[in-house]
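Take a look at the structure below.
The values are calculated or read from the model by the stated rules, or taken from the named source; none is laboratory data. Treat the numbers as computed from the prediction; the structure is a model and nothing was measured. Please note: Cβ atoms are built from the backbone with ideal geometry, for glycine as well, and neighbour counts cover all protein chains shown. Each accessible area value is taken on the protein alone, full model and side chains, heavy atoms only, with ligands, DNA and RNA left out. Shrake-Rupley method; radii C 1.70, N 1.55, O 1.52, S 1.80 Å.
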Amino acid sequence: MAIKDYIRERFFPQMWCPGCGHGIILNGLIKAVEELGLNKNDIVMVSGIGCSARISGYLDFHTMHTLHGRALAFATGIKMSRPELNVLVPMGDGDALAIGGNHFIHAARRNIDMTAIVMNNRVYGMTGGQYSPLSGYGTLATTAPYTNIDHPFDVVDLAVAVGATFVARSTTYHIRQLTDLIKKAITHKGFSVVEILSQCPTYYGRKNKEGNAYEMMELMKQTTTPVGSEAKKQNHDLIETGVFVETDKPEYCTEYDKIIERAKKDN
Amino acid sequence: MNEKIIKFVQGNEACVEAAIYAGLGFFAGYPITPSTEIAELLSVRLPQTGGKFLQMEDEIASICAIIGASLTGNKVMTATSGPGFSLMQEALGYAVMAEIPCVIVNVQRGGPSTGNPTHVSQGDINQARWGTHGDHSIIVLTASNHQDVFSITVDAFNMAEMYRTPVILLFDEVVAHLREGLTIPEKGALDIVDRLKTSVKRGVDFHPYLPREDGRLPMSDFGGIHRYNVTGLFHDMWGFPSSDPKVVHGLLRHLVDKIENNVYDISRYKEYFLEDARTIFVSYGSSARSALHVVKNRRARGERIGLLELQTLWPFPAGIVREKCSEAQCIIVVEMNMGQVLQQVKTAVDNPDKVFLANRIDGELITPTDIRNIMRLIQGRGV
Amino acid sequence: MPKAKLKEHKINRRWCKGCGICAHFCPKNVLEIDKDEKAVAARPEDCIACRLCELRCPDLAIEIITE
């Protein structure tokens with residue numbers, strides 16, 4: 001199938017700013033779904049609120065554009081009801097980890113089979129460039145005009161700590177890796193997290209003098225390294241990409257089916 | 001063989017049994033007094049029927065999960081109390097906007113804030129109506145005894161499906177925790193409204209937000225043959241966002257009209273001795289039990305007194321209240337708040353000056369003695 | 001497997017927003033942003049059909065057609 005078979009063409013050109021990394025994630029996600037040969041009727045995409053959340057409207061799946069931060073909670077209800085469906089949950093960094101942080105850690109803890117994609121552009125774009133929990137200490141934002149004194153956290157470390165059974169990171173520069181990791185995440189049975197570093201040239205890039213879209217992507221190339229590489233040992237500031245965790249743990253829906261069996265027997 | 005099952009239960013259990021009777025397939029909740037028994041009992045009962053019970057990380061997640069589950073074709077419910085109900089308000093608005101059937105139980109306790117968790121109150125009447133932001137209409141039902149809790153819970157599920165809307169069951173701590181007999185009706189004794197599914201064939205354009213001629217909106221399950229969009233934004237008949245003034249106006253009007261135009265079908269109430277009553281109590285929930293007690297005692301002494309017990313609180317059955325109270329010389333609203341239904345009754349009747357409030361707001365059930373004392377004050381006879 | 005040979009760059013000018021990602025990262029410098037701020041294949045003969053432009057286009061505006 002061609003890319004056009006997966007999108008709702010009438011809504012294109014899409015609404016994101018020129019050079020926005022979210023479009024690249026959309027592109028890579030379509031490729032991943034295509035290469036996996038998934039049936040569109042078997043895919044439910046649940047998004048929250050923000051620039052990232054608009055991704056669901058462009059895709060010809062069962063799509064739900066929900067509330068800020070709550071996508072994983074809605075998705076949990078869908079997945080529990082229909083475990084055979086592939087549930088994809090793209091979220092922004094503020095969406096997933098500020099307002100939605102609680103749902104993120106608990107969905108991961110349950111190990112419910114779904115794919116969380118954190119489209120991390122380190123800023124609240126839709127509201128005009130305020131700092132997010134992942135903007136980073138010392139960055140600038142429309143609500144951090146002097147400097148940002150908020151410390152960030154590492155999405156990958158967090159996801160690992162709270163029990164996600166597949167955890168990976170890529171960037172919009174590493175498009176082939178991005179696609180490959182989304183494929184692996186969808187295929188993984190359990191809660192998968194893929195953090196994708198994405199560029200916001202309009203707000204984050206401009207405020208922090210990181211240049212235009214491709215200059216920001218060049219920076220991603222320079223500041224990242226494959227997980228476990230020698231380079232990381234030399235330069236601790238490098239951000240690792242690749243697969244961090246891929247483990248088996250009882251999956252929530254499967255476990256609940258056993259509960260039903262037991263309840264019926266005990267009754 | 002269908003046999004009548006008689007149980008001695010709490011009101012919360014009556015609600016649980018009714019939900020299962022109505023076809024509940026998915027529940028998500030978070031422990032909170034005084035609604036917790038609903039979650040506990042459903043964690044036992046739901047998997048026995050093949051349904052699913054989920055304890056979420058908070059009340060926000062709980063209501064979001066049931067909305068998601070409803071989209072896949074399940075009948076769904078969550079249960080909470082005061083603070084949890086406050087947390088649910090945003091997602092409640094989402095279910096209103098996206099027209100997703102679901103039932104939300106709020107077992108009222110004393111508020112605001114943490115308030116009086118183990119004590120009774122009826123202070124959430126207006127919150128149930130207006131808690132979520134924006135213009136909308138909503139169905140809110142209540143009951144005063146367990147048999148009625150059962151039937152009104154079934155009604156709640158039916159109305160959620162009929163009008164594609166969230167329905168709030170607004171019980172109170174006394175009804176929820178009181179134990180009394182419950183006869184579970186035989187299968188088929190109460191009507192059950194099932195999800196109206198679209199008959200639109202595969203490959204044919206399906207409009208999830210285009211009402212049929214009778215006003216109902218058939219649905220297609222997520223994961224089924226029709227892929228569409230669901231959003232909390234104003235949206236067109238396909239579910240795609242739109243800020244076209246015509247679309248916005250049309251949708252908002254539809255959301256309000258589909259409920260307000262059916263106020264008589266939605267209205268549930270019970271009347272006791274109203275035919276010749278000159279003094280009428282208007283009450284609901286556990287307060288109505290005390291009011292009924294007073295009515296029966298006074299009737300025995302020949303007093304022309306009656307009770308209009310409301311079971312539908314919203315949309316407010318103003319026409320019914322006006323009609324039933326038209327001959328009354330004195331209308332006393334009995335409730336456990338500062339007069340939330342009182343205001344509605346005053347608006348509904350021809351002469352608001354004859355409407356009085358008999359209330360109690362200290363966390364204790366309003367008793368027949370309380371009501372009698374307040375009546376004496378109203379009549380200028382002192383306590 | 002022999003490498004695919006380019007037939008054409010199908011560029012949807014209505015969808016392209018001229019961000020320049022395709023042109024900047026093209027390993028053979030095939031693409032340019034024209035005066036209308038749209039991507040254009042200025043030197044298609046140099047294209048090695050690596051598809052990086054297609055894969056990285058945020059606007060889904062580029063399709064590499066191979067023979």
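Computed quantities for the displayed model
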read-out: Boolean, A:Gly211 is within 12 Å of chain C (Cβ to nearest Cβ) and surrounded by fewer than 20 Cβ atoms within 10 Å (Cβ to Cβ); value: yes
read-out: Number of positions in region A:34-74 that are open to solvent by less than 20 Å² (accessible area, probe 1.4 Å), more than 8 Å from every other protein chain (Cβ to nearest Cβ) and either over 19 Å from A:His22 (Cβ atoms) or in a loop (DSSP other than H, G, I, E, B) (or both); value: 3
read-out: Members of region C:53-67 that are buried (at least 19 other Cβ atoms within 10 Å of the Cβ), of a type outside the set (Gly, Ala, Ser) and within 10 Å of the chain's Cα centre (by Cα); value: C:Cys53, C:Glu54, C:Leu55, C:Arg56, C:Cys57, C:Ile62, C:Ile64
read-out: Selection from region A:154-177 of residues that are in contact with a helix residue (DSSP H, G or I) (Cβ under 7 Å, 6 or more places away or on another chain), in a loop (DSSP other than H, G, I, E, B) and not aromatic (Phe, Trp, Tyr); value: A:Val162, A:Gly163, A:Ala164, A:Thr172
read-out: Strands (runs of 3 or more DSSP E) contained entirely in region B:217-328, each with at least 1 residues that are away from every other protein chain (no Cβ under 14 Å); value: B:269-272, B:279-283, B:305-310, B:312-314
read-out: Selected residue (only one of B:Val175, B:Val167 is crowded, with 21+ Cβ neighbours inside 10 Å, over 24 Å from B:His293 (Cβ atoms) and either assigned by TED's automatic domain parsing to the domain that holds B:Val9 or polar (S, T, N, Q) (or both)); value: B:Val167
read-out: Within region B:193-216, tally of residues that are open to solvent by 60 Å² or more (accessible area, probe 1.4 Å), part of a loop (DSSP other than H, G, I, E, B) and either closer than 23 Å to B:Leu255 by Cα or not basic (Lys, Arg) (or both); value: 9
read-out: Neighbours by Cβ (under 9 Å, 6+ apart or cross-chain): first from region B:313-342, in contact (Cβ under 8 Å) with a residue 12 or more places away in the chain and over 14 Å from B:Ile361 (Cβ atoms); second open to solvent by less than 10 Å² (accessible area, probe 1.4 Å) and among the basic types (Lys, Arg); value: none
read-out: Residues of region B:358-374 classified as closer than 22 Å to B:Gln343 by Cβ and more than 29 Å from the chain's Cα centre (by Cα), total; value: 0
read-out: Count of region C:39-52 residues which are more than 11 Å from every other protein chain (Cβ to nearest Cβ) and open to solvent by 40 Å² or more (accessible area, probe 1.4 Å); value: 7
read-out: Number of positions in region A:81-122 that are under 18 Å from A:Glu246 (Cα atoms) and in a loop (DSSP other than H, G, I, E, B); value: 3
read-out: Options A:Asp113, A:Asp95, A:Asp154: the member that is free of Cβ contacts under 8 Å to residues at least 40 places away in the same chain and of a type outside the set (A, V, I, L, M, F, W, C); value: A:Asp154
read-out: Breaking point among (1) facing chain B (nearest Cβ under 7 Å); (2) open to solvent by 10 Å² or more (accessible area, probe 1.4 Å); (3) not acidic (Asp, Glu), for A:Leu97; value: (1)
read-out: Every residue from region B:90-109 that is in contact (Cβ under 8 Å) with a residue 60 or more places away in the chain and either open to solvent by 10 Å² or more (accessible area, probe 1.4 Å) or not in a strand (DSSP E or B) (or both); value: B:Leu92, B:Gly93, B:Tyr94, B:Ala95, B:Val96, B:Met97, B:Ala98, B:Glu99, B:Ile100, B:Pro101, B:Arg109
read-out: Odd one out for B:Val247 among (1) farther than 30 Å from B:Ala300 by Cα; (2) open to solvent by 60 Å² or more (accessible area, probe 1.4 Å); value: (2)
read-out: Total residues in region C:32-53, condition in contact with a helix residue (DSSP H, G or I) (Cβ under 8 Å, 6 or more places away or on another chain) and under 23 Å from A:Leu178 (Cα atoms); value: 2
read-out: Residue list for region B:140-169, restricted to those being in contact with a helix residue (DSSP H, G or I) (Cβ under 6 Å, 6 or more places away or on another chain), outside any helix (DSSP H, G or I) and over 20 Å from B:Gly82 (Cβ atoms); value: none
read-out: Residues of region A:156-171 that turn out to be touching a Ser or Thr at 6+ places or on another chain (Cβ under 6 Å) and either among the hydrophobic types (A, V, I, L, M, F, W, C) or more than 19 Å from A:Met220 (Cβ to Cβ) (or both), as a count; value: 2
read-out: Residues within region A:1-29 that are at the interface with another protein chain (Cβ under 8 Å from one of its Cβ atoms), of a type in the set (A, V, I, L, M, F, W, C) and not in a loop (DSSP other than H, G, I, E, B), tallied; value: 5
read-out: Test: residue in region A:186-200 that is within 17 Å of the chain's Cα centre (by Cα), surrounded by fewer than 16 Cβ atoms within 10 Å (Cβ to Cβ), of a type in the set (Val, Ile, Thr) and not in a loop (DSSP other than H, G, I, E, B); value: yes
read-out: Selection count where residues are touching a Leu at 6+ places or on another chain (Cβ under 8 Å) and of a type in the set (Ser, Thr, Tyr), scope region B:306-345; value: 1
read-out: Residue that is most open to solvent (accessible area, probe 1.4 Å) [pool: residues in region A:1-22 that are closer than 11 Å to A:Gly57 by Cα and in contact with a helix residue (DSSP H, G or I) (Cβ under 7 Å, 6 or more places away or on another chain)]; value: A:Met15
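For every residue, the table says whether it meets (1) open to solvent by 20 Å² or more (accessible area, probe 1.4 Å); (2) assigned to a strand (DSSP E or B).
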position: B:Val9; (1), (2): no, yes
position: B:Thr33; (1), (2): yes, no
position: B:Pro47; (1), (2): no, no
position: B:Leu54; (1), (2): no, yes
position: B:Ile60; (1), (2): yes, no
position: B:Ile63; (1), (2): no, no
position: B:Gly68; (1), (2): no, no
position: B:Val76; (1), (2): no, yes
position: B:Ala79; (1), (2): no, yes
